[in-house]
Amino acid sequence: MTNSAESARNLPAPPTAHPHGPGGLHARLVVDRPGFRLDVTLAAAPGEVLALLGPNGAGKTTALRALAGLTPLTDGHLRLDGASLEHTPPESRPVGVVFQDYLLFPHLSALDNVAFGPRCRGAGKAEARALAAAWLERMGLAPQADTKPRRLSGGQAQRVALARALATRPRLLLLDEPLAALDARTRLEVRARLRRHLAEFEAVSVLVTHDPLDAMVLADRLVVVERGRVVQEGTPADIARRPRTDYIARLVGLNLYRGLAAGHTVRLDDGPAITTTEELSGPVFVAFPPSAVTLFRNRPAGASARNLWRCEVAGLQTHGDQIRADLTGELPLAADLTTLAAAELDLRPGAPVWATVKATQTHAYPA
């Protein structure tokens, strides 16, 4: 039997790159459909994990399908390691895909599921099975080699799907909501395992998700897509600290406003002024976490806080081990408080409250 290293060498090589072309992924994906247009530009270096993050209907899956060749481009380009792939059929692209529901073949064992990809790329049966066995061992699944998908746990099925995608030696790995089918407890373990495997992958990985935690933990860089367009990109820390749309702010748990700064005062576009620590001039964003908001049922006597607004409780919901109050009024915002504090304030929908935020707990940055 040929060993896995020999099997890997015998697999067909990916399309030849231009001799001086840049490595990694360079793409502009334009896809027109009735009532919707996707137009996003993506770039990632070898070894980088890129996450496409956005609400339902933003175009994330369309972008993934365009990268895989399952949805044709209306315009744009797609280069991988310098090779143009726009007109390359899906089966000939050096691309591995892990679908949301994994799409394992129910009649094949875990071993033969993983061997399927190398077989399609021209490897012999023995070679493909040897390569598959090596990947299952790497994934910690050697004991499950003869197991059919229906007898695998969710986490095991996800790892088999990942092994199947990696066994073809792809230069681009696509993951479509790879943790969505898992329960909360399994998700924690599998997320950690997946992070380790992606860190070892030497080519480009693109992860599609609407879960901010998956994106923050797994990706080196985030690309946020809304309505078919890129609205923000950067490292997870940059995105979390400086959100630029309401969707992103909600995602990372911040109150976000836009206005015009003059020194330490920001006059909001649709609301009152906010006093900030930063001294800026011109269009800015102002953000602060719901935990920075303090609520009072009556206007606090002798309050020195400059950021003081009269509001009304629009709704209450459990948020982790706290209560999140959605407020309307002079400044719509979200406030987090303990269950005890909410009870002592007798908070209920329609109740009037005063909200304060210290300037030191705000964060202003150029828009």
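Brief remarks on what is shown
- Spans of helices (runs of 4 or more DSSP H) in the range 72-185 with at least 3 residues of a type in the set (S, T, N, Q): none
- Hits in the range 93-117 (condition: surrounded by fewer than 21 Cβ atoms within 10 Å (Cβ to Cβ) and farther than 21 Å from Arg129 by Cα): Phe99, Gln100, Asp101
- Exclusive hit being closer than 28 Å to Leu213 by Cβ and at pLDDT below 90, set Asp326, Asp321, Asp269: Asp321
- Residues (farther than 15 Å from Gly54 by Cβ and either surrounded by fewer than 23 Cβ atoms within 10 Å (Cβ to Cβ) or polar (S, T, N, Q) (or both)) located in the range 195-212: Arg195, Arg196, His197, Leu198, Ala199, Glu200, Phe201, Glu202, Ser205
- Inclusion of Leu194 among residues that are under 27 Å from Arg79 (Cβ atoms) and without any contact (Cβ under 8 Å) to a residue 40 or more places away in the chain is warranted.
- All positions within the range 329-367 that are farther than 16 Å from Arg297 by Cβ and assigned to a strand (DSSP E or B): Leu333, Ala334, Asp336, His363, Ala364, Tyr365, Pro366
- One residue from Tyr257, Tyr247 being under 20 Å from the mean Cα position of the chain (by Cα) and among the hydroxyl-bearing types (Ser, Thr, Tyr): Tyr247
- Residues in the range 242-262 that are within 20 Å of Thr356 (Cα to Cα) and either touching a Lys or Arg at 6+ places or on another chain (Cβ under 8 Å) or in a strand (DSSP E or B) (or both): Asn255, Leu256, Tyr257, Arg258, Gly259, Ala261.
- The single condition from (1) surrounded by fewer than 18 Cβ atoms within 10 Å (Cβ to Cβ); (2) over 15 Å from the mean Cα position of the chain (by Cα); (3) in the same structural domain as Lys148 (by TED's automatic domain parsing) that Ala167 fails is (1).
- If only residues of the range 293-342 that are among the aliphatic types (A, V, I, L, M) and over 36 Å from the mean Cα position of the chain (by Cα) are counted, the one that is surrounded by the fewest Cβ atoms within 10 Å (Cβ to Cβ) is Ala301.
- Residue in the range 88-113 that is farthest from Arg159 (Cα to Cα), counting only those that are aromatic (Phe, Trp, Tyr) and under 26 Å from the mean Cα position of the chain (by Cα): Phe99
- Number of the condition not met by Ile239 [criteria: (1) in contact with a Leu (Cβ under 8 Å, 6 or more places away or on another chain); (2) in a strand (DSSP E or B)]: (2)
- For the range 26-61, filtering for residues that are free of Cβ contacts under 8 Å to residues at least 40 places away in the same chain and in a helix (DSSP H, G or I) leaves 0.
The values are calculated or read from the model by the stated rules, or taken from the named source; none is laboratory data. Computed from a predicted model, the values in this text were never measured in an experiment. When we count neighbours, we look across all protein chains shown, and the Cβ atoms used for this are built from the backbone with ideal geometry, even at glycine.
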